[in-house]
Amino acid sequence: MQGLGAKLLYAICLCFAGINLFLISENNYLILALPWLLAAALMFFVSTDKLLIAVIFLTPFSFRASFENLGFSVNLPAEPLVVALMLWFIVKIFHAHIFDSKVIKHPVTIILILNLIWMLFTSITSELPLVSFKYFMSRFWYVVVFFFLTLLLLKKYSANRHLLFYFAIPMAIMVLYFTFLHSQWGFDRKAGIWLVRPFFNDHTNYSSTLALVLPFLMASIFNTKLHRTLRLSSVLLSLLFIMGIVLSFSRASWLSLGVAAGIFVVFWLRIPWKLVAGGIVILAIAAFSFQTQIRFALERNQYESSGNMAEHIRSMTNITTDVSNLERINRWRAAIRMYQDRPWVGWGPGTYQFVYAPFQVSEDFTLITTHFGDLGNAHSEYLGPLAESGLPGMLLFIALAIFTLSTGIKLYYKGSNREIRILALAITLGFITYFVHGLLNNFLDTDKASVPFWSMMAILVALEVYHQKKQLQKSDKSESAPESPTETTLPSRLKPDETNTK
């Protein structure tokens, strides 16, 4: 029987090789995906956690593939696996009752669920229901997999310190690759905008993702629970991420990191938040009182985006001649007019780029304005939902940001051990970079931003729900061989009776 089995295996391999060669000769490469699909299918039954890690690792390498004859596009190779994991998780919930009620009761989870429900409702009332339902489903499967499913894996304490490395390491590889390509163009600013394609939409998506994860990497340098090799690797990864952000020439990312650095100083010096809030109020009053003088000063700024770093930074406040800034203002004003037309339910999730054209006015037109309104989104993580899901949509996203940051701040000040405080601070600063960047761009409709964003939110919730009030056991404190990203750091199977903190 063993000889027969071996012969059968050889025959299958020969048949596969023959079919493969024939299809490649016909310029059809889909058959090459079959072994990977079979391996992924096997991992569902053997080690779902490793499949999730594989998806996180593959995401920076994924690219957008369009199937125009079928009417959809997909990020390959990661997104089909995300959908499969979502379906697996939903089945497990109904059949194995693997989810924890403590997670459902957490404020971040409640706001997130309400956000999804409202997005679904506004998809029903949408101007373009098919577009909105596709947009909603994309958001839904990323939230389910990288927030809810990831939370199950984060019950193991050490997973919280290691999970983001599986995303950061391939991102560092992409930084090296893009830097090499950029060097071929003499590090020209304009070349940096498009050379990140097809892996990223543009340089802003690329740099905002780096900025989101950078605080975690920098904090990992000081995390004594990590293996020394991984801490040294964090130094290299941080330097690569900083290089990528600088060479991206993304002013929004530079600004977001500057704000995060300022907030870090507040944490470090333990400045009372009442004093910080008072300072913000005073600045707001001053800005309102001197708005005319400020507007004149901004209008006198003639610096435009350029390869000169100093001029590029100064161009942030140019609202007279800088085309990029002016087009953002055009998009924001169009979004506000869309909101005014449909203030409560909006035009439908994902519809902005298809319906905003009539809401532009000639006085806002720029050199890159299109009359067809087919060049992108609202360039705001806040005004986008306002236009697409009405005032409740924007308020729910703001509430999600507030509760996420408050969870991180609370863990930093009241964490039960030093590592929880370090992780909480790092992830909170990462979110600050994203929420500040969200004033100028929006990327949660992309896989590159969604994976770390929802995973980091899951880490904060896991730290508070599963690990905050528990002391680490001696076995976890005295691990003789701490895990690294090349080792298994998550449980091999998802079990309903899985233990909590170790």
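Just a few scattered comments:
- Taking all protein chains together and rolling a 1.4 Å probe, R421 ends up with roughly 80 Å² accessible.
- Label positions at A287 and R228, each projected 7 Å from the Cα along the C-beta direction, are separated by 4.8 nm.
- Stokes-Einstein D for segment 182-235, Kirkwood Rh over Cα pairs, 37 °C, 0.692 mPa s (µm²/s): 252
- Convex hull per residue volume in Å³, alpha carbons only, for segment 83-141: 86
- Calculated diffusion of segment 140-251, Stokes-Einstein form, Kirkwood radius summed over Cα pairs, 10 °C and 1.306 mPa s, µm²/s: 105
- Projected label distance in nm at K469 and I368, using a 7 Å step from Cα toward the beta-carbon: 5.1
- Rg/Rg_ref, segment 77-221, where Rg_ref = 2.2 N^0.38 Å and atoms are Cα: 1.29
- Simple label model, 7 Å out from Cα along Cβ direction - R337 to V361, nm: 0.7
- By the Kirkwood approach, averaging reciprocal distances over each pair of separate Cα atoms, segment 335-423 gets a hydrodynamic radius of 15.0 Å.
The values are calculated or read from the model by the stated rules, or taken from the named source; none is laboratory data. Bear in mind that the values here come from a model prediction, so they are computed numbers and not experimental data. Quick reminder, even Gly has a Cβ in these numbers, built from the backbone with ideal geometry, and neighbours come from all protein chains shown. Heavy atoms of the whole protein, side chains included, go into the accessibility calculation; ligands, DNA and RNA do not. Shrake-Rupley method; radii C 1.70, N 1.55, O 1.52, S 1.80 Å.
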